[in-house]
């Protein structure tokens, strides 16, 4: 599909490369690109295998700037990312995409954007903005979920959250890498090494870099927060185990003197005088009860119970 960049993107049946003042956007699949790449006169032989794209990057060539996008699915970040390629020069930009992602993004731009001063730079800026359009809300949802997990841990209501926290950390790590790659891409565009862009319009790429930098910082902060929550849960487990060990120690301490008494009078020596006393048995019972009561009062006072 072909578009001219006017007040909005206007669809065209084909491109007239003699109209040098009008910038264009082309969206081709990999087969169409191989058939038509010579028409764009970008001086590149780019044979693309879209199935092996794993990163977002840009490379400066003599007559063009080429690169790839790898966009994680925000609904399932651990799933395989959407990959597509691009090539651009001062005349316009060509996307090579078999997934339909670019067409969907361009449809969103057409329905939501109208430009007072249309330009290739502004289109690229809006395209990049569409990639991260809902990331702020996504990260806010993650933040709220982590807050909820933390509150439940402190209230003792949270079952083992380790698996969920591990998934969140993994997603945030993948997003952070994605933002770092977008930052590199936008900085490469802002550098404008081949002078494809108007110097005044490179500010769009600077604005995008600032936004992605903020998202990157927020992602890093949330990842650190998830690590703190994991440590908090582990500390709560340690506290529970310490309480159990303290209780077992108290019980052992209470029954140690009783065990001593039982062992002492279980020896059954012939000349143990207490064995002949009428009140010896109830007396031992009373002493045992007193020991238990005294121990309980002592441990309670020391706040060990």
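Of the conditions (1) loosely packed, with under 14 Cβ neighbours inside 10 Å; (2) farther than 27 Å from residue 153 by Cβ; (3) modelled with pLDDT of 85 or more, residue 279 fails just one. Which one is it? Of (1) loosely packed, with under 14 Cβ neighbours inside 10 Å; (2) farther than 27 Å from residue 153 by Cβ; (3) modelled with pLDDT of 85 or more, only one is false for residue 279: (3).
Filtering region 251-274 to residues that are touching a helix residue (DSSP H, G or I) at 6+ places or on another chain (Cβ under 8 Å) and assigned to a helix (DSSP H, G or I) leaves 253, 254, 257, 258, 261, 265, 274.
What do you reckon, is residue 233 touching a residue at least 40 places away in the same chain (Cβ under 8 Å), touching a helix residue (DSSP H, G or I) at 6+ places or on another chain (Cβ under 8 Å), within 21 Å of residue 68 (Cα to Cα) and in a helix (DSSP H, G or I)? Against the criterion (touching a residue at least 40 places away in the same chain (Cβ under 8 Å), touching a helix residue (DSSP H, G or I) at 6+ places or on another chain (Cβ under 8 Å), within 21 Å of residue 68 (Cα to Cα) and in a helix (DSSP H, G or I)), residue 233 does not qualify.
Residue 260 falls short on exactly one of the conditions (1) surrounded by 11 or more Cβ atoms within 10 Å (Cβ to Cβ); (2) within 20 Å of residue 246 (Cβ to Cβ), and that condition is (2). In region 123-141, the count of residues that are in contact with a helix residue (DSSP H, G or I) (Cβ under 7 Å, 6 or more places away or on another chain), more than 21 Å from residue 38 (Cβ to Cβ) and not in a helix (DSSP H, G or I) is one or more.
The set of residues in region 1-35 being at pLDDT 75 or above and farther than 22 Å from residue 104 by Cβ consists of 14, 21, 22, 34, 35. Every test in (1) within 27 Å of the chain's Cα centre (by Cα); (2) surrounded by 15 or more Cβ atoms within 10 Å (Cβ to Cβ) is passed by residue 88 save one, and that test is (1). Within region 142-165, the residues that satisfy the criterion of being touching a helix residue (DSSP H, G or I) at 6+ places or on another chain (Cβ under 6 Å) and either outside any helix (DSSP H, G or I) or not assigned by TED's automatic domain parsing to the domain that holds residue 226 (or both) are 158, 161. Only a single item in (1) more than 20 Å from residue 93 (Cβ to Cβ); (2) in a helix (DSSP H, G or I) is not met by residue 209, and it is number (1). Considering every residue within region 223-238, establish whether at least one is crowded, with 17+ Cβ neighbours inside 10 Å, under 22 Å from residue 55 (Cα atoms) and out of contact with any strand residue (DSSP E or B) (no Cβ under 9 Å at 6 or more places or on another chain). The answer is yes; a qualifying residue exists.
The values are calculated or read from the model by the stated rules, or taken from the named source; none is laboratory data. This one's a predicted model, so the numbers in the text were calculated from it and none came from an experiment. Reconstructed Cβ throughout: ideal geometry from the backbone, glycine too, with neighbour counts over all protein chains shown.
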